[in-house]
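*Asks:* Right, I'll just put the structure down here and ask away after.
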Amino acid sequence: MGKIISVITQKGGVGKTTTVNALCATLSRKDYRVLAIDMDPQGNLSFSTGADTESKPTIYELIKGDVGVKEAIQRMSMTDIVPSNILLSGIELEYTGKNREFLLYAALKEAQAFYDYIIVDSPPGLGILTVNALTACDYVIIPMMPDIFSLQGLTLVYETIDYVKHTINPGIEIAGVLINRYVKRSKLHKEVYGTAKMICQKLHIPLFETVIRNSTALAEAQALQMDITEYARRSTGTKDFSSLLTELERYGMVKHPY
Ligand SMILES: Nc1ncnc2c1ncn2[C@@H]1O[C@H](COP(=O)(O)OP(=O)(O)O)[C@@H](O)[C@H]1O
Ligand SMILES: [Mg+2]
């Protein structure tokens, strides 16, 4: 059974989509079978993989049961993906009853047999779409920027995950907090890393040793709808995500391909 990794945090613009995109590309390159799920109605991940969000089924139709998972998956060069578009924002209003947290969980059950990893991108905020991403997953990655507001937000995102763990999904594990857009020469960034470490120790959650450096190639690859490992093989972006995967594998979170 494939493992589901959700990339979440309430802040926008901190690197959730970039992390999902680059991690999928890095896993695919190592011959893992990977499926990306776009749970953000903005559809940024769908765009960056080149998926069709207009004329083909999306995660919205899959969640509603209008299509099966095989019909919803698009095979792109970088990764397989179930895309999204703005219709997904309707879920909040359309599902108000019990079990509304389990929609994604139910939608992905069948697909887990065909993939080693399913990586879920989520919208900013801690609403029902994010709670669905947390309910469905085995592991969470929490990206953050090396700034003071992100530090302040860390406890809140932890509390949400902890709440889901104690009420809905006891199996959920935090794989780690991932610092993104790190600049090695910056004194502030170094200090934020140190403070993030202290907060993580207090909360008993891991902080990845790997930091993702600021890398223009990452942003360019997304704009050009290209796989970062192909677009700029020697870029810091490719290197950093490769070392993130090595770190995940080292800690046993990622089993080896067969
Ligand atoms: N390490 C990085 N280096 C350079 N640009 C980055 C990096 N991480 C993210 N970006 C850029 O920052 C913007 C926000 O990132 P994104 O992944 O979309 O955040 P989120 O999904 O959390 O809203 C995007 O334009 C993305 O290309
Ligand atoms: Mg995003």
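Values in this text are rule-based calculations from the coordinates and carry no lab data. Note that this is a predicted model, so its numbers are computed, not measured. Neighbour counts run over all protein chains shown; Cβ positions are idealised from the backbone, glycine included.
*Asks:* In the chain, once you exclude exposed GluC sites (Glu not before Pro) (DSSP loop, at most 15 other Cβ within 10 angstrom), what's the longest stretch remaining? Intermediate results must be reported in sequence, preceding the final value.
*Replies:* Values: sites that count: 54, 209.
Answer from the scan: 55-208.
*Asks:* Cα-Cα over 19 Å: which of 16/184; 11/109; 64/109; 3/109; 30/239; 3/30?
*Replies:* 16/184; 11/109
*Asks:* Turning to a different aspect of this structure: Which whole-Hz couplings ³J(HN,Hα) result when phi for each residue of segment 45-59 is put into the Karplus expression 6.51 cos²θ - 1.76 cosθ + 1.60, θ = phi - 60°, listed in order with x for Gly and Pro?
*Replies:* 5, 4, 4, 5, 9, x, 6, 8, 9, 9, 10, 10, x, 10, 4
*Asks:* Pull out the extension gain between residue 214 and residue 148, defined as 0.36 nm times the separation in residues minus the alpha carbon to alpha carbon distance; nm, one decimal.
*Replies:* 22.0 nm
*Asks:* Of 128, 174, 91, which is the most mobile in a GNM of the chain whose springs link Cα atoms less than 10 angstrom apart?
*Replies:* Sorting by GNM fluctuation, first place goes to 91.
*Asks:* For segment 3-248, what relative contact order do you get, as a whole percent, if you take Cα pairs closer than 8 Å and at least 6 residues apart?
*Replies:* Result for segment 3-248 is 26 percent.
*Asks:* What is the sum of charges around residue 219, taking Lys and Arg as +1, Asp and Glu as -1, for the other residues whose C-beta is under 15 Å from the C-beta of residue 219?
*Replies:* 0
*Asks:* Label segment 3-248 by shape, choosing from rounded, prolate and oblate, from the square roots a ≥ b ≥ c of the eigenvalues of the Cα gyration tensor; if a/c is under 1.5 it is rounded, and otherwise prolate applies when a/b is larger than b/c, oblate when it is not.
*Replies:* Taking the square roots of the gyration eigenvalues as a ≥ b ≥ c, segment 3-248 is oblate.
*Asks:* Right, another one. Whats the longest run of the chain with zero trypsin sites (Lys or Arg not before Pro) that are DSSP loop and have at most 10 other Cβ atoms within 10 Å?
*Replies:* Segment 1-97 is the longest.
*Asks:* Return the percentage of antiparallel bridges among DSSP beta bridges fully within the chain, rounded to the nearest 5 %.
*Replies:* Beta bridges within the chain, antiparallel portion: roughly 5 percent.
*Asks:* For the chain, what is the mean residue ellipticity at 222 nm derived from helices alone (per DSSP H run of n ≥ 4: -39500 (n - 2.57); sum divided by total residues; nearest 500 deg cm²/dmol)? Working shown, then result.
*Replies:* Details: 12 runs with 113 residues, N = 258.
One gets -12500 deg cm²/dmol as the mean residue ellipticity at 222 nm.
*Asks:* Which residue, chosen from 72, 210, 177, occupies the Cα position most advanced towards the positive end of the dipole of the chain, where the dipole is computed from +1 (Lys, Arg) and -1 (Asp, Glu) charges on Cβ about the Cα centre?
*Replies:* 210
*Asks:* Taking other Cβ within 10 Å of each residue's Cβ, how do 240, 52, 38 sort, fewest first?
*Replies:* Lowest count first: 52, 240, 38.
*Asks:* Something else now. Can you put 208, 149, 241 in order, fewest other beta carbons within 10 Å first? Let's see the in-between values first.
*Replies:* On the way: 208 20, 149 10, 241 27.
Ascending Cβ contact count within 10 Å gives the list 149, 208, 241.
*Asks:* Next up: For segment 16-75, what's the relative contact order in percent, using C-alpha pairs closer than 8 Å and at least 6 residues apart?
*Replies:* The value is 25 percent.
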